[in-house]
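See structure below.
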Amino acid sequence: LAGAVALAIHGAPRATTDVDLLVPAAGVERVLAVARRLGFDLAALPMRFGDGMEVRRVSKAEGADLLTLDLLLVNPSLEPVWDDRIRVETDFGPVSVVSRSGLIRMKAWAGRDQDLADIRRLEELDR
């Protein structure tokens with residue numbers, strides 16, 4: 001897990017419209033197959049950004065709601081974040097989550113206003 005769901009796990013919850021998953025390139029097809037079995041059958045074209053980030057987006061409609069999974073492919077810049085991930089026990093079993101420092105690194109890299117605000121919220125928790 002990455003993004004806003006990981007942010008909540010690290011103690012700074014906020015609303016989000018998608019679930020971000022950090023996925024090694026070799027595992028993308030397997031993750032997409034599981035997502036399809038869960039009803040995520042609305043696939044967008046692969047997205048590639050100038051900073052090297054590659055995202056595979058898949059969604060499913062539930063009534064009037066659209067639920068979206070963004071698979072963030074592990075690239076050389078994200079390998080340290082991937083390697084530093086942690087396991088968190090939940091009511092549904094263990095979940096792999098980017099570490100707090102990895103989350104801050106990803107958000108600083110993205111640099112959007114919301115990401116910078118998320119970093120400030122995490123830093124406030126340290127005070």
What one gets for the chain as the Kirkwood radius, inverse of mean 1/r over different Cα pairs in Å, is 15.3
Using the Cα atoms of segment 16-75, I'd like the radius of gyration and the largest Cα-Cα distance, Dmax, both in angstrom. 11.5, 35
Starting from segment 11-110, pick out the chymotrypsin sites (Phe, Trp or Tyr not before Pro) whose DSSP state is loop and whose Cβ has at most 15 other Cβ atoms within 10 Å. Phe49, Phe92
So, in nm, how far is label Val19 from label Val88 when the simple model puts each one 7 Å beyond its Cα toward the Cβ? 1.3
Length-normalised contact order for the chain - Cα pairs under 8 Å, 6+ apart - percent: 24
Is segment 41-97 best put as rounded, prolate or oblate by its Cα gyration tensor, with a ≥ b ≥ c the root eigenvalues, rounded for a/c under 1.5, and otherwise prolate when a/b is larger than b/c, oblate when not? oblate
With DNA, RNA and ligands ignored, accessible area of Ile119 (1.4 Å probe; Å², nearest 10): 20
Considering segment 69-127, what Rg and Dmax in Å follow from its alpha-carbon atoms? 12.6, 33
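The values are calculated or read from the model by the stated rules, or taken from the named source; none is laboratory data. Source: prediction; values computed, not measured. Positions of Cβ are backbone-derived with ideal geometry, glycine not excepted, and every protein chain shown enters the neighbour counts. Ligands, DNA and RNA are stripped out before the accessible areas are found, and what is left, the full protein with its side chains, is counted by its heavy atoms. Shrake-Rupley method; radii C 1.70, N 1.55, O 1.52, S 1.80 Å.
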